[in-house]
Amino acid sequence: MGFFDWFFDVLSFLGLYEKKGKLVFLGLDNAGKTTLLNMLVNNSTAAIRPTGHALEEEVRIGRIRFKTFDLGGHETVREAWSEYYFDASAVVYLVDLADRERIDESRRELHKLLSSPDLKSKAFLILGNKIDLAGALTPPEAIEALGIGHLMTTRDPKVKLPEGTRPLQFYTCSIIRKEGYGDGFMWMSKYV
Amino acid sequence: MSSSSVEHFKRIESSNGLRCTWNVWPSSKQAAVKLSVPVSMLYSPMKQISGLKKLPYKPVMCPRCRSVLNPYCSINFERKTYLCPFCENQAALPASYNAISTECLPAEVMPQFTTVEYVRESSEVEKTPPIFMFVLDITLREEQLQSAIDGIQYVISTLPEYVRVGLITFGTVVQVHELTHDQIPRVYMFRGHKAFSEKDIEDYLELKTTNSVKNNQKFVMSMKDCALTLSELLDTLKHDPWPVTKHKRPYRCTGAALNVASSVLAALYPLSGSRIVLITGGPCTLGPGQVVSTDLEQKMRSQRNIEKKEPEAKLVAGATKFYTELARRMARSFQCTDIFCGSVHQCGLLEMRPLLDLTGGRTLIAEACTDDSFRFSFEKLFEGVVVDSSVGMAEMAGTEVDEPVVEGEFKLGFSGVVEMSLPKDVLVSGCIGQCATLPVVSTSKHMVSTATVGQGGTNRWRMCGLDSESTLAFILEVGSKEPSMPAQGAVKVVQFRTVYTTSTGDKVMRVSTVGFPWVDGSQKQVIGSGFDEDAAAVVMSRIASWRCDMGTPEREVTRSIDRTLIRLVSLFAQYQRGMPHTFALTEGFQQFPQTMFHFRRSPFMQTFGYSPDEVAFSRHLILRECLKNSMIMIRPTLTAFRTDDPAGSQVILDSTSAKNDSVLLLDCFTEIIVWVGEAVVSWREQGIHEQPDYANVKQMLEQPLEDAQRMILERFPAPRLYTSDQGKSQQRRLLARLNPSATHKRGEAAGGEIIITDDVNLQKFLDSLKHAATEQ
């Protein structure tokens, strides 16, 4: 062990050394994945076309440096999600709460992910986006529609989860109004 | 541009395939630099021209400068000599021109034939029919591989007998397939980890053994001799047998396979034009040209990895270098590479792009080989191999024949070389387009500028593969350093000579000679009247795109576009200094700022949300497409269909055009979006369009889809069609390209869609331009 290794060990002991993680943004097309990425990286909103190839950026949340992978959400690319999530530290799953027609489709995709062996113990942050739009589902409606009520764990960071429990939380947000997702990320960073 | 000027530009284009940013040239260099948009030409050497003169004899070339006799040569009918407008040499006409007089002129000196083609009917022995070498990735997943094989099966069923073909497959290893039918076809394998030398490949495949002539003819054979064998072989092709373990990519030695393909062709047909057609379903993971490891934990490099020089991008430089060197080698033997990618992931097009740009290849990124856009594009490429009947007719009649032109017909050319002749005080800085430089000959050195842009330092370029849409941009340096007053009516003449082989194997030389008025630099109005804003937009986009390719950050390039724009309008607009409200753009310049606004927002410059491969794909396209197609890419065409106008009319590219009672068709060249407004959706759901009284509603729903279908069949690459009702997911493809005149922050404008963005809109952009220009 060289000097630098020792140095970094001390830093991490003091909690100053940044943790690193890998995040994947998943969800149906038009859920707001790239808009979220653009907001986190460039702090701006833009009219962006649906994502084709996977996009990668780096985002800092608290003391953690995340590599984030934003994947297209339309049907043909969903089968390729697994190539990106198998080695991820956590999943951010976005849901368009204003699109009542497709909430069922979103639930199906989410449960496919939840049952994947690769993601068995990884934290899931589920963001219900577009609450600024009229007709958006309320949080209880969304939790019901997504069928995640029984899977949700505590928001309290001090409570230790029992061994083998997957951290999972639901936060509502409006990305274009810069509201809601920050709390979600703070919650998630405890489990990375 | 005034409408008469536009007509003039279009006339030059339709009869020569040439558009120029400035059509009246200043005689002083200083004045030319002040124009800020460089004097440049967009030239399409294989553009289909109606009424094109085809001459069945040899061109008369100036013995001193190699330029060809043209309408700008002044002929001395007494002495049978002519004055070459380029080198000002008096040259004698050949004896066959003895009968020349003012009444009896050969076509090539008639003023209406500024572009002619000299067609030499080759004898069967001389003919060099085109070669297609298929290079197929057999790691493609089952249904994908089958679809790719079906695609090849289909095109070989359409190819003429004389076309020659070969087949190489690759995965963990490279396999070269024998096409002989008299025995069980054998396969020769090369390990994928290494780029074998041409010599090694020659020796191993015994390509140059003298004792067996047959030996070297078994890998590339004419369709006549191998159609059946090849078809059977394709039917029995198997997926790569090497197992792919969990969380791994397959071994895919794309670079090694292309290297073998090139070496085989170079050894067997060093001088015949050929196309290497690559079909792949993922990145190269093994051997030369590798862009990523087989380990899925290592992701494909992203824009960010490349910009920040992160370790994930460590293979980019090496792979790009390998493909660039390979492309140069291919160019030397007139080989051209086409790349068809069928994958939801990146396939490494960024690194492989030199193969396209230096050889004239075509490409497509599709999500799968089973996609319509993949199938249509693949078939379209081979439609370019057409049997040219007019040449045969010329032989029979013994006279020149006008070529019948089918609108939108797509043709392929092989082994092209473009050469330019320029007069005194006009230099070429370089060419931005799909080409590779050829060394300049000593007699042409005086027309080559030392300040290079794009592929410079010469007046000759190779175009190994070319087609009816291939377009080169030549950046010129006009004007003399010393002030000189040009004579009244002075003209500067430019000549392009393109030699290429047609898909029937005949040699053609197309000669285009066009003159441009040469005036004193102070004649601002005259010079301004010759401004072609569409040509200028395309040239500016190519220069910008090329600078980004060379590594200049997009932000910086965007700023330099703004500076050019400010300088240009401050020179040609009407205004009083310091008073922005007095600012008015003069005729001929009114569209240009808007077009550049849309270019700044286009995927060429705003790369957030695009992968390196996607950016490489669009920049490759703007580098090669004709003016019309390039304009669609820069400023997509938006057509609105309404109850009172169900046949559709073009509307402005603005959020206010997205009205809920209309259907929109947005054409972005590679993508077409049909968008249906909410009101129309409800009519459709109520079935109103099926009622006889509402034929207009039916038409406004069907017409855009019909128009889209036509574009899909006509274009290469076949565009992808998306349909979206208002408010649905895919409408983002439309909204991303509209000028956001109403946004979520600024509230609702007069109808139309509200766009969620922080971007600057056109109005704000033009206001800033006025301020900046009037302050100059």
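The values are calculated or read from the model by the stated rules, or taken from the named source; none is laboratory data. Being a predicted model, the structure only gives us computed values, none of them experimental. Using ideal geometry, Cβ is built from the backbone for each residue, glycine included, and neighbour counts are taken over all protein chains shown.
Which residues, counting only those in the range B:344-362, are within 14 Å of another protein chain (Cβ to nearest Cβ) and surrounded by fewer than 24 Cβ atoms within 10 Å (Cβ to Cβ)? Can you show your working first?
Taking the range B:344-362 as the starting set, the residues that turn out to be within 14 Å of another protein chain (Cβ to nearest Cβ) are B:344-350.
Those that are within 14 Å of another protein chain (Cβ to nearest Cβ) and surrounded by fewer than 24 Cβ atoms within 10 Å (Cβ to Cβ): B:344, B:345.
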**Item:** Whichever residue in the range B:604-614 is crowded, with 21+ Cβ neighbours inside 10 Å and out of contact with any strand residue (DSSP E or B) (no Cβ under 9 Å at 6 or more places or on another chain) and, among such residues, is farthest from the other protein chains (Cβ to nearest Cβ)
**Value:** B:604
**Prompt:** Inside the range B:721-761, can you point out the residues that are more than 10 Å from chain A (Cβ to nearest Cβ) and in contact with a Leu (Cβ under 6 Å, 6 or more places away or on another chain)?
**Reply:** B:739
**Message:** Filter the range B:287-308 down to the residues that are of a type in the set (S, T, N, Q), within 27 Å of the chain's Cα centre (by Cα) and within 12 Å of chain A (Cβ to nearest Cβ) and list them by number.
**Reply:** B:302, B:303
**Prompt:** What is the number of the single condition among (1) small (Gly, Ala, Ser); (2) surrounded by 14 or more Cβ atoms within 10 Å (Cβ to Cβ); (3) within 22 Å of residue B:494 (Cα to Cα) that residue B:107 does not meet?
**Reply:** (2)
**Asked** Just to be sure, is residue B:764 away from chain A (no Cβ under 13 Å), surrounded by fewer than 21 Cβ atoms within 10 Å (Cβ to Cβ) and without any contact (Cβ under 8 Å) to a residue 12 or more places away in the chain?
**Response** yes
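Quick one: in the range A:81-98, of everything that is within 8 Å of another protein chain (Cβ to nearest Cβ) and touching a residue at least 12 places away in the same chain (Cβ under 8 Å), which residue is nearest to residue A:179 (Cα to Cα)?
Applying the first criterion (within 8 Å of another protein chain (Cβ to nearest Cβ)) to the range A:81-98 yields A:83-84, A:86-87.
When the remaining residues are screened for being touching a residue at least 12 places away in the same chain (Cβ under 8 Å), the result is A:84, A:86-87.
Numbers: A:84: 27, A:86: 29, A:87: 29 Å.
Taking the candidates together, the pick is A:84.
Condition (residue is part of a strand (DSSP E or B) and aromatic (Phe, Trp, Tyr)) applied to the range A:76-87: is it met by at least one residue? Give the derivation first.
Taking the range A:76-87 and keeping what is part of a strand (DSSP E or B), we get none.
There is no residue in the range A:76-87 that is part of a strand (DSSP E or B) and aromatic (Phe, Trp, Tyr).
Could you say which residue among B:292, B:260 is within 26 Å of residue B:607 (Cβ to Cβ), β-branched (Val, Ile, Thr) and in contact (Cβ under 8 Å) with a residue 12 or more places away in the chain? Even if it seems obvious, please write down each step before you answer.
On the way: B:260 fails: within 26 Å of residue B:607 (Cβ to Cβ).
Just one listed residue meets the conditions, B:292.
Looking only at the range B:72-116, count every residue that is in a loop (DSSP other than H, G, I, E, B) and of a type outside the set (Phe, Trp, Tyr) and tell me the total.
Residues of the range B:72-116 that are in a loop (DSSP other than H, G, I, E, B), as a first pass: B:72-73, B:77-80, B:84-89, B:93-94, B:98-106, B:110-114.
Going one step further and asking which of them are of a type outside the set (Phe, Trp, Tyr), we end up with B:73, B:78-80, B:84-85, B:87-89, B:93-94, B:98-106, B:110-112, B:114.
Summing the residues that are in a loop (DSSP other than H, G, I, E, B) and of a type outside the set (Phe, Trp, Tyr) in the range B:72-116 gives 24.
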**Message:** I'm trying to understand the selection: among the residues of the range A:22-41, which are more than 7 Å from chain B (Cβ to nearest Cβ), out of contact with any helix residue (DSSP H, G or I) (no Cβ under 8 Å at 6 or more places or on another chain) and not aliphatic (A, V, I, L, M)?
**Reply:** A:22, A:32, A:33, A:35
**Fill in**
Scanning the range B:499-547 for residues that are free of Cβ contacts under 8 Å to residues at least 24 places away in the same chain and hydroxyl-bearing (Ser, Thr, Tyr) gives none
**Asked** Limited to the range B:271-293, what total is found for residues that are small (Gly, Ala, Ser) and assigned to a strand (DSSP E or B)?
**Response** 1
**Prompt:** Just a yes or no: is a residue in the range B:589-597 more than 29 Å from the chain's Cα centre (by Cα), within 28 Å of residue B:772 (Cα to Cα) and aliphatic (A, V, I, L, M)?
**Reply:** no
**Request:** Select from the range B:668-678 the residues that are surrounded by fewer than 23 Cβ atoms within 10 Å (Cβ to Cβ) and either hydroxyl-bearing (Ser, Thr, Tyr) or closer than 19 Å to residue B:597 by Cα (or both) and list them in ascending order.
**Result:** B:669, B:670
**Asked** Tell me, which residue of the range B:744-761 that is free of Cβ contacts under 8 Å to residues at least 60 places away in the same chain and over 34 Å from the mean Cα position of the chain (by Cα) is surrounded by the most Cβ atoms within 10 Å (Cβ to Cβ)?
**Response** B:744
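Condition first: among the polar types (S, T, N, Q) and under 24 Å from residue B:629 (Cα atoms). Now tell me which residues in the range B:541-559 satisfy that. Write out each step before concluding.
Going residue by residue through the range B:541-559, those that are among the polar types (S, T, N, Q) are B:541, B:545, B:552, B:558.
Answer for the range B:541-559, where residues must be among the polar types (S, T, N, Q) and under 24 Å from residue B:629 (Cα atoms): B:541, B:545, B:558.
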**Request:** Take the range B:163-194 and flag every residue that is closer than 21 Å to residue B:378 by Cβ and among the aromatic types (Phe, Trp, Tyr).
**Result:** B:170
**Request:** Go through (1) more than 10 Å from every other protein chain (Cβ to nearest Cβ); (2) without any contact (Cβ under 8 Å) to a residue 24 or more places away in the chain; (3) crowded, with 18+ Cβ neighbours inside 10 Å one by one and return the number of the condition residue B:706 breaks.
**Result:** (3)
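From the list B:322, B:334, exactly one residue is more than 9 Å from chain A (Cβ to nearest Cβ), surrounded by 20 or more Cβ atoms within 10 Å (Cβ to Cβ) and on the phi > 0 side of the Ramachandran plot. Which is it? Give the derivation first.
On the way: B:322 fails: on the phi > 0 side of the Ramachandran plot.
Exactly one residue qualifies, and that residue is B:334.
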**Message:** So if I check each of A:121, A:106, which one is under 21 Å from residue A:85 (Cα atoms) and assigned to a loop (DSSP other than H, G, I, E, B)?
**Reply:** A:121
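Looking only at residues that are charged (D, E, K, R) and assigned to a loop (DSSP other than H, G, I, E, B) in the range B:235-259, which one is farthest from the other protein chains (Cβ to nearest Cβ)? Before you say what the answer is, go through the steps one by one.
If we filter the range B:235-259 for residues that are charged (D, E, K, R), which is where we start, we get B:235, B:238, B:240, B:246, B:248-249, B:252.
Then drop every residue that is not assigned to a loop (DSSP other than H, G, I, E, B), which leaves B:238, B:240, B:246, B:249, B:252.
Values: B:238: 23, B:240: 18, B:246: 9, B:249: 9, B:252: 15 Å.
My answer is B:238.
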**Asked** Going by the conditions given, is residue B:563 farther than 12 Å from residue B:769 by Cα and of a type in the set (Lys, Arg)?
**Response** no
**Asked** Among the residues of the range A:176-192, is there at least one that is of a type in the set (Lys, Arg) and in contact (Cβ under 8 Å) with a residue 60 or more places away in the chain?
**Response** yes
**Message:** Just to check your reading of the model, which residue among B:384, B:413, B:408 is within 21 Å of the chain's Cα centre (by Cα) and at pLDDT 95 or above?
**Reply:** B:413
**Request:** Looking at (1) modelled with pLDDT of 90 or more; (2) outside the structural domain of residue B:356 (by TED's automatic domain parsing); (3) surrounded by fewer than 22 Cβ atoms within 10 Å (Cβ to Cβ), find the lone condition where residue B:401 falls short.
**Result:** (1)
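Look through the range B:61-94, keep the residues that are of a type in the set (S, T, N, Q) and in contact (Cβ under 8 Å) with a residue 60 or more places away in the chain, and return whichever of them is nearest to residue B:444 (Cα to Cα). Before the answer, list the steps.
First, pick out the residues of the range B:61-94 that are of a type in the set (S, T, N, Q): B:67, B:70, B:74, B:76, B:81, B:89-90.
From the residues that got through so far, the ones that are in contact (Cβ under 8 Å) with a residue 60 or more places away in the chain too are B:67, B:70.
Working: B:67: 10, B:70: 18 Å.
Going through the qualifying residues, I end up with B:67.
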**Filtered residues of the range A:42-70 (kept if more than 9 Å from chain B (Cβ to nearest Cβ) and surrounded by 21 or more Cβ atoms within 10 Å (Cβ to Cβ))** = A:66, A:68
